[in-house]
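This report refers to the structure that appears directly beneath it.
The values are calculated or read from the model by the stated rules, or taken from the named source; none is laboratory data. From a predicted model like this one, the values you see are computed outputs, not experimental measurements. Note: ideal-geometry Cβ built from the backbone for every residue, glycine included; neighbour counts use all protein chains shown. The protein model used for the area step is the full one, side chains on, heavy atoms only, and it has no ligands, DNA or RNA in it. Shrake-Rupley method; radii C 1.70, N 1.55, O 1.52, S 1.80 Å.
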Amino acid sequence: MTKIEIFEQVVAMMKQDSSTKKDLKGADPDMYRRQITNEMKDEDFLYQMRCYLASFGIISHVSFHPKHRQALGFRLRKFENRLYVLNANPDTDLRVADQIILIDNQTIPAFYQVHRDYFVSETEERQYMEWAYFVAKSDTVTLLRNGQEQIISVQETKLTTYTPAFEYKQLSEETLYLKMENFFDEEATANLYQESSSAISTAKNVIVDVRVNHGGSDSLYFPLLQYALSDGKSFKDVTFSDDGMEILYTKRNVELRLQDFQAMLRQEDISPETRNMLEQFITELAVNKDKGYVLYDQSDEAILPDVIGQEKPEKLFILSDVYCGSSGDNFVLMMKAFDKVTVIGRPTLGILDYSNCCTVDFGDYEFVFPTSRSLAVDKGQGMNDKGVIPDIFIPWTPEHLERDIDLEECLKLC
């Protein structure tokens, strides 16, 4: 398929098959149609496609990228016109706490003005993915390292350094710490629950760190919800913040989602809960195909387990940040509904207004767009570009690179 054909297909799907079409029209495609040719460089094509899709303002759940993406090997945060390196593989030549002040000899504000159409979000803390792209593609960056100015070329990483995505540890006799960096690794999640369940059910305080959480399936965090229930209470006693959602069913997006779900069902070690959820989704797709927007009915869905809250843990704390999204958003949102839970940190990424995505295979590229729409949007209460607001807000500063301020504040409350 040619570059022009790919662009036209993406425009058609955003107009017809994406659940954003009720609210968001995006930029005039003619602006980009005039710039796209079949002979243009792949990198230039990717840039134009991303600028067009950025005009819809949907983080992550509307995206266009190479099928085989190169890992960047670093993560950034913008603060006061500088880009701070939060972590980095050594072979990138970046170091933790580096402060990037120039990209290809342009200041960060000046660079942003040149490329602002490429940025999806209007909030600085949600622009970290775009900044990482530009830093990785730059010829040079000028940075401050240990107070000294240096000019370096950021290198492609060849390393796959391992940071435990799942861990638990005793911080004290009364306080247990859990870290979960996604809700899609079934095996790792199951192992974590198996190893920590006894400690969780006897701890006075439990801290769940999802400041970095790449989402996945809601079913994988359901086992944690029982610990958030107050003693003697059931889920029927909790009022969750859920305005409901509607799903857009078109012939094309149903066929695309069926392909995704069937591929997921073929995976090994899939949990019974996830399998049941996928099979239910497949049935709904077949029944509603080409019906347009249909209100999602959860009345018959046995989602939450039939359990009664226990005395311990007495307090449950959730550490959140902007790097927590999708089902991570939903986890933090649900946890806020429980009396014994306190959310600490910064708002989550906030990408649930338009969700339940499907993927389109364009050979060397993949296109992702959403099929569901939160009814909170109709009330002006959507979370796009806002995230789930914590109970206790702790603004990020460079001091977070020196010590874990969020965890320290949490331990004070324990």
Original post:
Does the range 201-212 hold any residues that are open to solvent by less than 10 Å² (accessible area, probe 1.4 Å) and farther than 18 Å from Ala165 by Cα, and which are they?
Top reply: Ala203, Asn205
Original post:
Residues in the range 356-392 that are open to solvent by 20 Å² or more (accessible area, probe 1.4 Å), of a type in the set (D, E, K, R) and part of a strand (DSSP E or B): how many?
Top reply: 2
**OP:** Could you give me the residue pairs with C-beta distances under 9 Å whose first residue belongs to the range 21-49 and is under 21 Å from Arg116 (Cα atoms), whose second residue is assigned to a loop (DSSP other than H, G, I, E, B) and open to solvent by 80 Å² or more (accessible area, probe 1.4 Å) wherever it lies, and which are 6+ apart or on separate chains?
**Re:** Asp42/Asp364; Asp44/Gln35; Gln48/Gln35
Original post:
In the range 92-129, which residue that is in contact (Cβ under 8 Å) with a residue 24 or more places away in the chain and polar (S, T, N, Q) is farthest from Ile389 (Cα to Cα)?
Top reply: Asn105
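Residue by residue through the range 213-224, note down the ones that are open to solvent by 30 Å² or more (accessible area, probe 1.4 Å) and either closer than 13 Å to Glu273 by Cβ or among the β-branched types (Val, Ile, Thr) (or both). Quick ask: steps written out before the conclusion?
So the first thing to find is which residues in the range 213-224 are open to solvent by 30 Å² or more (accessible area, probe 1.4 Å), and the list is 214, 216, 218, 223.
Matches in the range 213-224: Gly216, Asp218, Pro223.
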**OP:** Would you kindly identify the strands (runs of 3 or more DSSP E) lying entirely within the range 60-166 that contain at least 1 residues that are among the aromatic types (Phe, Trp, Tyr) and touching a Pro at 6+ places or on another chain (Cβ under 7 Å)?
**Re:** 74-79, 82-88
Original post:
Which is surrounded by fewer than 20 Cβ atoms within 10 Å (Cβ to Cβ), closer than 21 Å to Ser219 by Cβ and either touching a residue at least 24 places away in the same chain (Cβ under 8 Å) or not polar (S, T, N, Q) (or both), of Leu316, Leu349, Leu265?
Top reply: Leu265
Original post:
Given the conditions (1) crowded, with 16+ Cβ neighbours inside 10 Å; (2) at pLDDT below 95, and given that Glu122 satisfies all but one, which numbered condition is not satisfied?
Top reply: (1)
Original post:
Among Asp117, Asp93, which is of a type outside the set (Gly, Ala, Ser) and at positive phi?
Top reply: Asp93
Original post:
Restricting attention to the range 31-45, which residues are open to solvent by 60 Å² or more (accessible area, probe 1.4 Å) and outside any loop (DSSP other than H, G, I, E, B)?
Top reply: Met31, Arg33, Asp42, Glu43, Asp44
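If you check Asp98 against the conditions, is it surrounded by 19 or more Cβ atoms within 10 Å (Cβ to Cβ), outside the structural domain of Leu352 (by the TED database) and more than 23 Å from Phe369 (Cα to Cα)? Steps first, answer last, please.
On the way: surrounded by 19 or more Cβ atoms within 10 Å (Cβ to Cβ): yes; outside the structural domain of Leu352 (by the TED database): yes; more than 23 Å from Phe369 (Cα to Cα): yes.
Yes.
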Original post:
Out of the range 278-302, which residues are of a type in the set (A, V, I, L, M) and modelled with pLDDT of 80 or more?
Top reply: Leu278, Ile282, Leu285, Ala286, Val287, Val294, Leu295
Subject >> Meets criteria (at pLDDT below 95 and within 21 Å of Arg50 (Cα to Cα)) for Ala165 >> reply: no
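Yes or no, residue by residue, for (1) surrounded by 16 or more Cβ atoms within 10 Å (Cβ to Cβ); (2) among the aliphatic types (A, V, I, L, M):
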residue: Arg82; (1), (2): yes, no
residue: Asn89; (1), (2): yes, no
residue: Leu94; (1), (2): yes, yes
residue: Tyr118; (1), (2): yes, no
residue: Tyr128; (1), (2): yes, no
residue: Leu143; (1), (2): yes, yes
residue: Ile152; (1), (2): yes, yes
residue: Gln170; (1), (2): no, no
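Looking for whichever is of a type in the set (Gly, Ala, Ser), closer than 23 Å to Asn191 by Cβ and in contact with a strand residue (DSSP E or B) (Cβ under 9 Å, 6 or more places away or on another chain) here; the options are Ser326, Ser320, Ser271. Which one fits? Please lay out each step first, then the result.
On the way: Ser320 fails: closer than 23 Å to Asn191 by Cβ; Ser271 fails: in contact with a strand residue (DSSP E or B) (Cβ under 9 Å, 6 or more places away or on another chain).
Residue meeting the stated conditions: Ser326.
Every residue in the range 319-333 that is under 28 Å from Ser19 (Cα atoms) and open to solvent by less than 30 Å² (accessible area, probe 1.4 Å), please. Lay out the reasoning, then the answer.
The initial filter retains those residues of the range 319-333 that are under 28 Å from Ser19 (Cα atoms), namely 320-333.
Answer for the range 319-333, where residues must be under 28 Å from Ser19 (Cα atoms) and open to solvent by less than 30 Å² (accessible area, probe 1.4 Å): Ser320, Asp321, Val322, Tyr323, Cys324, Gly325, Ser326, Ser327, Gly328, Asp329, Phe331, Val332.
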